[in-house]
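Q: The structure is given below, and queries will be raised subsequently.
All of the numbers you see were taken from the coordinates with simple rules; none came from a lab. Everything numeric here is computed off the predicted structure, so don't read it as measured data. For neighbour counting, all protein chains shown are included, and Cβ atoms are generated from backbone atoms with ideal geometry for every residue, glycine included.
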């Protein structure tokens, strides 16, 4: 599958769109994710049952990518550093392109 590119520079591959609700900036979501860098080194992964986040607490690229999914949807996000941790003074991932495999489990 070829990734699509958004106007912000996020690349994404929708594997399954899903059939439920679509999140917005005020939503709380439950998602499974695995994050890794371009060398395929994993830096974070949720439990298989997912983890709950408020959308406004997510990095910009992850938040944007979630709005392309509905509940049950699965995707891969390729997030440039400017949409991730580039402005963070404390993250070791500041200048990394991040890749996330995600499944949107629930939207509230």
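Q: Scan the stretch 68-95 for residues that are free of Cβ contacts under 8 Å to residues at least 60 places away in the same chain, in a loop (DSSP other than H, G, I, E, B), more than 14 Å from residue 15 (Cα to Cα) and out of contact with any helix residue (DSSP H, G or I) (no Cβ under 6 Å at 6 or more places or on another chain) and jot them down.
A: 85, 86, 87, 88, 89, 90, 91, 92, 93, 94
Q: Related question: For the stretch 57-67, how many residues meet the condition of being surrounded by 15 or more Cβ atoms within 10 Å (Cβ to Cβ) and not in a loop (DSSP other than H, G, I, E, B)?
A: Within the stretch 57-67, residues that are surrounded by 15 or more Cβ atoms within 10 Å (Cβ to Cβ) and not in a loop (DSSP other than H, G, I, E, B) number 7.
Q: Could you list, in sequence order, all residues of the stretch 88-101 that are touching a strand residue (DSSP E or B) at 6+ places or on another chain (Cβ under 8 Å) and surrounded by fewer than 13 Cβ atoms within 10 Å (Cβ to Cβ)?
A: Those that are touching a strand residue (DSSP E or B) at 6+ places or on another chain (Cβ under 8 Å) and surrounded by fewer than 13 Cβ atoms within 10 Å (Cβ to Cβ): none in the stretch 88-101.
Q: Sticking with this one: What about residue 104, is it part of a loop (DSSP other than H, G, I, E, B), buried (at least 16 other Cβ atoms within 10 Å of the Cβ) and touching a strand residue (DSSP E or B) at 6+ places or on another chain (Cβ under 7 Å)?
A: Values: part of a loop (DSSP other than H, G, I, E, B): no; buried (at least 16 other Cβ atoms within 10 Å of the Cβ): yes; touching a strand residue (DSSP E or B) at 6+ places or on another chain (Cβ under 7 Å): yes.
It is false that residue 104 is part of a loop (DSSP other than H, G, I, E, B), buried (at least 16 other Cβ atoms within 10 Å of the Cβ) and touching a strand residue (DSSP E or B) at 6+ places or on another chain (Cβ under 7 Å).
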